[in-house]
Structure formats: C-alpha cells, structure tokens
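All remarks here apply to the structure that follows.
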Amino acid sequence: MKELSRRWFVGAAGAGLVAACGLGTASAAQVFGEFVMPGLRVEVAPPPPRPGWHWVPGHWMWRGGWVWNPGHYVAYAVPPMPPVIVETPPPPRRPSWHWVRGHWVWSDRARNWVWNSGHWVP
C-alpha cells in the first residue's frame, strides 16, 4: 500500500498540478522523487459570521502527507498568500527519500502566512 501511495504521488506530478499550485514549471529531474502537492480545491466562502470578518482561503499542509486545511473566517484582515519561494533541494540523505516542497500555511497565532521549508522524508 505504501508503494501504491508513492506511485500515486509521483504519478500526479503533471505540469497542470504543478502550475495550478503556483509552483512554476519543474524539470523531470526535480519532479521525480517528490510528494507533489495536490491541486487546489475550489471553496465557496459562506457568509461571514459577523460584519468585518475576513476569509482565510483553504490550502494544503504537509502533516506526514498532504492534508487540506479548509478555509475559515477570522476577525482580522487577511493578507493574500505570498508567492511560492523556489528552493533548491539538497541531496537526499538516502536515495529512497522523497522531497516535500516548501509551502505557505496560515497561522492563526501569527495572523499571517508562514513558510514551511521544503524537506526530505523517508
């Protein structure tokens, strides 16, 4: 099952998914051995619970696998998600490891987008 999951993630590395995630174009060498972030989901924001509340759009987060963090409202202004930071992965510790690209996640504590750096996972 683990091998099937890896094949699915590597197989989902089409240029459409990469472009849809705002990650730019990637060469085959960069995509091979990656756990590619799934495509963005379309969310329709419900009406705000109170006037002046702002929508934080849903986004993918890495938690041992890609997990969708659904959109939600907060009582303060929400800046747009910054552009993706292009990182050059260092060599893996082991040939079987897979690269998880860096990505932005929303932090209610920081009240802002926080960059999670790319890293290798077994």
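The values are calculated or read from the model by the stated rules, or taken from the named source; none is laboratory data. Note that the structure is predicted; figures quoted are calculated from it, not measured. When we count neighbours, we look across all protein chains shown, and the Cβ atoms used for this are built from the backbone with ideal geometry, even at glycine.
Here is a yes/no grid of residues against (1) touching a residue at least 40 places away in the same chain (Cβ under 8 Å); (2) surrounded by 11 or more Cβ atoms within 10 Å (Cβ to Cβ); (3) in contact with a Phe, Trp or Tyr (Cβ under 9 Å, 6 or more places away or on another chain):
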position: 45; (1), (2), (3): no, yes, yes
position: 50; (1), (2), (3): no, no, yes
position: 61; (1), (2), (3): yes, yes, yes
position: 70; (1), (2), (3): no, no, no
position: 77; (1), (2), (3): no, no, no
position: 86; (1), (2), (3): yes, yes, no
position: 95; (1), (2), (3): no, no, no
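Out of all the residues in the range 107-115, is one or more touching a Ser or Thr at 6+ places or on another chain (Cβ under 7 Å) and either exposed (fewer than 14 other Cβ atoms within 10 Å of the Cβ) or at pLDDT 95 or above (or both)?
Step one: list which residues in the range 107-115 are touching a Ser or Thr at 6+ places or on another chain (Cβ under 7 Å), which gives 114.
With the extra rule that they be either exposed (fewer than 14 other Cβ atoms within 10 Å of the Cβ) or at pLDDT 95 or above (or both), the set shrinks to 114.
Among the residues of the range 107-115, at least one is touching a Ser or Thr at 6+ places or on another chain (Cβ under 7 Å) and either exposed (fewer than 14 other Cβ atoms within 10 Å of the Cβ) or at pLDDT 95 or above (or both), which makes the answer yes.
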